[in-house]
Structures are given as C-alpha cells and as structure tokens.
Amino acid sequence: DQQVKQNSPSLSVQEGRISILNCDYTNSMFDYFLWYKKYPAEGPTFLISISSIKDKNEDGRFTVFLNKSAKHLSLHIVPSQPGDSAVYFCAASHRNTGKLIFGQGTTLQVKP
Amino acid sequence: ETGVTQTPRHLVMGMTNKKSLKCEQHLGHNAMYWYKQSAKKPLELMFVYNFKEQTENNSVPSRFSPECPNSSHLFLHLHTLQPEDSALYLCASSQSFDRVRAYEQYFGPGTRLTVT
C-alpha cells in the first residue's frame, strides 16, 4: 500500500516554461513534506520542504504548494532550465514517527 | 557534493560472500540512515541510528546487519544475500532523528549492489 504516489513517471517541458510535478498522499497523519532531486549516479539532494501548517513555500525558481483537503502537493519550477532535468521525489513525514515515506519519482526532461 | 560519502560505489557479490558497505558523513549530524531502492520502487527505509543507537529496524532480514561505531560512520554488513537483494543502497544523515518532527536528510551517492 503506497502512501505517497507520484502518478506521472515522466514529464517533458520546454526550456523557459513551467514544470509542474505532482504528488498525492493518503495518510492524514503526514505533517511535513519534502522534494528531492536526483541526478544519475548521485544520491537524492534536498530541494524544498513545506510544513502542513502552510500552503505554499517558495525558494527562488522552486515553489511547493500543499492542498491538505485534497492530500496533494505540487512542485513548480519556473522558468525550467536544462540543468533541472533529473528524477524528482516527493517525501512525507508522519507526525508520530519522523520517518520519511518516498514516492516513486518523476523523471523531468527539460528540452533546450 | 552533499557531505555524505559511500564506498564502494559498485559491488558484485555471490550469494555466499560476505561484504560490507561503508558510509561516512562530514556534516556533524547525529542521525544516519540506510535506504534500499529497487528498480521502479520508492526508497525504502531500512535502519535508523540516532546518536549511535539503532532506533528503527524496518523489518529487515537478518542477512543485513548494520553497525554504527560513531555518529560519523555507518556500515551495512551483508552475508548470504539473495539475487532479489540487488538494488541501490543509499546512506543518509540528518541533524537528528525525532519522532515528532522531520529533519532534512542528506544522501550519499549510493552503492549499486548486484547479487549473482
């Protein structure tokens, strides 16, 4: 039973446009959400996070939106750059365990 | 460069071999983690160590044996593995591990393990 789902295995976007990566979760006890980026042959690197008490967090070109009623979060990258091409993982933390539960990842390709 | 290193980067071992994976973090963190990533699957937490004490074991088979001699080093000892254990093994660290709040975790590059 997968509690964090990234239903789009891949996404292709033109350079300069917006990339929107989506993530859905099922457990209402998750209270902290994170996005990680992973290049080939490297480990995931932390990108941005959001607490469940907020609905938006912005850091430069990256913005994460949280819709608690829909149990949905999204990562917006504007403008997208070819160097953003990577696998993006969302992760959620359970309020009583502190453990991170990861989605299966979405491969983003930004075309020049 | 995330401050977390793992060796070896690639490992091929037979089912009767014994090998160890090593992880070292240079971030001054107190918590370290082992994750497994199989093809097309999400990262799965295996073990958590907080201040050198094992705090989580996610029902991992005993053929995987972790060791944390200090807050900077973490090992995963492997013996009598099965082909289905072939995966990417990732080490991570964080400031601490707390059940009531999550800390950002910093990952190493992983060890690609193949069991033949």
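At a glance:
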{"read-out": "Cys with no candidate disulfide partner in chain B (beta-carbon separation under 4.7 Å rule)", "value": "B:C68"}
{"read-out": "Charge context of A:S19, other residues only, Cβ under 12 angstrom, K/R +1, D/E -1", "value": "+2"}
{"read-out": "Total lysine pairs under 29 Å (Cα atoms) in chain A, excluding pairs fewer than 8 apart on one chain", "value": "29"}
{"read-out": "Total accessible surface hidden between B and A, rounded to 100 Å², 1.4 Å probe", "value": "1700 Å²"}
{"read-out": "Neighbour net charge for A:Q104 - beta-carbon separation under 10 angstrom, K R +1, D E -1", "value": "+3"}
{"read-out": "Pairwise centroid distance, computed over Cα atoms, of the stretch A:52-112 with the stretch B:26-92, Å", "value": "25 Å"}
{"read-out": "Alpha-carbon Rg/Rh ratio, for the stretch B:1-104, with Rh computed the Kirkwood way", "value": "0.95"}
{"read-out": "Volume per residue of the C-alpha convex hull in the protein assembly as shown, rounded to whole Å³", "value": "120 Å³"}
{"read-out": "In Hz, Karplus ³J(HN,Hα) per residue of the stretch B:25-34 (6.51, -1.76, 1.60; θ = phi - 60°; x = Gly, Pro)", "value": "10, 10, 10, x, 7, 10, 10, 9, 9, 10"}
{"read-out": "Accessible area (Å², per residue) of chain A, counting only protein heavy atoms and a probe of 1.4 Å", "value": "47 Å²"}
{"read-out": "Charge context of B:M46, other residues only, Cβ under 14 angstrom, K/R +1, D/E -1", "value": "0"}
{"read-out": "Apportionment of accessible area to carbon and sulfur, chain A, percent (1.4 Å)", "value": "48 percent"}
{"read-out": "Solvent-accessible heavy-atom area per residue, rounded to whole Å², over chain B at 1.4 Å", "value": "47 Å²"}
{"read-out": "Two-site label geometry, A:K5 and B:T80: point separation in nm, points 7 Å out along Cα→Cβ", "value": "3.9 nm"}
{"read-out": "Percent accessible area from carbon and sulfur atoms, the stretch B:1-97, protein chains only, probe 1.4 Å", "value": "48 percent"}
{"read-out": "Sorted largest first, extent of chain A alpha carbons per principal axis (Å)", "value": "43, 28, 21"}
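The values are calculated or read from the model by the stated rules, or taken from the named source; none is laboratory data. As the structure is a computational prediction, the values presented were derived from the model and not from experiment. Here Cβ is always computed from backbone atoms with ideal geometry, including for glycine, and neighbour counts include all displayed protein chains. Quick note on the areas: whole protein, heavy atoms, side chains included, nothing else; ligands and nucleic acids left out. Shrake-Rupley method; radii C 1.70, N 1.55, O 1.52, S 1.80 Å.
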